[in-house]
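Report on the following structure.
The values are calculated or read from the model by the stated rules, or taken from the named source; none is laboratory data. Only a predicted model underlies this, so the values are computations on that prediction, with no experimental measurement involved. Methodologically, a virtual Cβ is constructed for each residue, glycine included, from the backbone with ideal geometry; neighbour enumeration extends over all protein chains shown. With ligands, DNA and RNA removed, areas are computed over all heavy atoms of the protein, side chains included. Shrake-Rupley method; radii C 1.70, N 1.55, O 1.52, S 1.80 Å.
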Amino acid sequence: GCELTGSTKSYTFKVDEEDDSEHVLALSVVCLTDGAKDECNVVEVVGRNHENQEIAVPVANLRLSCQPLLSLDNFQLQPPVTFRLVAGSGPVHLAGWHQITHREDASFEEDDDMSEEE
């Protein structure tokens, strides 16, 4: 998780570019935390689309008096991803999980196929 505030308005989650594993970042909850004011707090996600163009999408508009928490049901994103507080002063806490899927070594798969044929 991370926390966005008036002084820390963005957080970027990235992985090592040389890592051959598949990474998925799933956003579960966005919520206002202790000390938040009754103002609109808008959080957007900045990522890349299938054409590798940067896109920014608002995912939460929180206000202490009417919607202090939003469940995103594990909204899945491909790193690198930046979360930005584009309106309000927070603090806004983001929570989720990071899944890493290691790719099999191609030579290991070929050896495995040969033993099945024998």
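Mind telling me which of the residues 24, 42 ends up being more than 25 Å from residue 7 (Cα to Cα), in contact with a strand residue (DSSP E or B) (Cβ under 8 Å, 6 or more places away or on another chain) and touching a residue at least 40 places away in the same chain (Cβ under 8 Å)? Before the answer, list the steps.
Values: 42 fails: more than 25 Å from residue 7 (Cα to Cα).
None of the other options fit; the residue is 24.
Could you grab me the full set of residues in the stretch 4-30 that are among the aliphatic types (A, V, I, L, M), closer than 13 Å to residue 83 by Cβ and not in a strand (DSSP E or B)?
Answer for the stretch 4-30, where residues must be among the aliphatic types (A, V, I, L, M), closer than 13 Å to residue 83 by Cβ and not in a strand (DSSP E or B): there is none.
Any idea which residue in the stretch 73-94 is surrounded by the most Cβ atoms within 10 Å (Cβ to Cβ), counting only those that are in contact with a Leu (Cβ under 8 Å, 6 or more places away or on another chain) and at pLDDT below 95?
90
Regarding the stretch 31-39, can at least one residue be identified that is in a strand (DSSP E or B), among the polar types (S, T, N, Q) and over 17 Å from the mean Cα position of the chain (by Cα)? Outline the logic, then answer.
Within the stretch 31-39, the first condition is being in a strand (DSSP E or B), and the residues that meet it are 31-32.
Next, only the ones that are among the polar types (S, T, N, Q) stay: none.
No.
Taking the conditions exactly as written (loosely packed, with under 15 Cβ neighbours inside 10 Å, at pLDDT 90 or above and more than 14 Å from the chain's Cα centre (by Cα)), does residue 16 satisfy them or not? Steps first, please.
On the way: loosely packed, with under 15 Cβ neighbours inside 10 Å: yes; at pLDDT 90 or above: no; more than 14 Å from the chain's Cα centre (by Cα): yes.
So residue 16 fails the test.
Looking only at the stretch 40-49, filter to residues that are assigned to a strand (DSSP E or B) and over 13 Å from residue 91 (Cβ atoms); which one of those is most open to solvent (accessible area, probe 1.4 Å)? Before the answer, list the steps.
Step one: list which residues in the stretch 40-49 are assigned to a strand (DSSP E or B), which gives 41-48.
Pick out the ones that are also over 13 Å from residue 91 (Cβ atoms) and you get 42, 44-48.
Values: 42: 32, 44: 27, 45: 11, 46: 13, 47: 14, 48: 132 Å².
My answer is 48.
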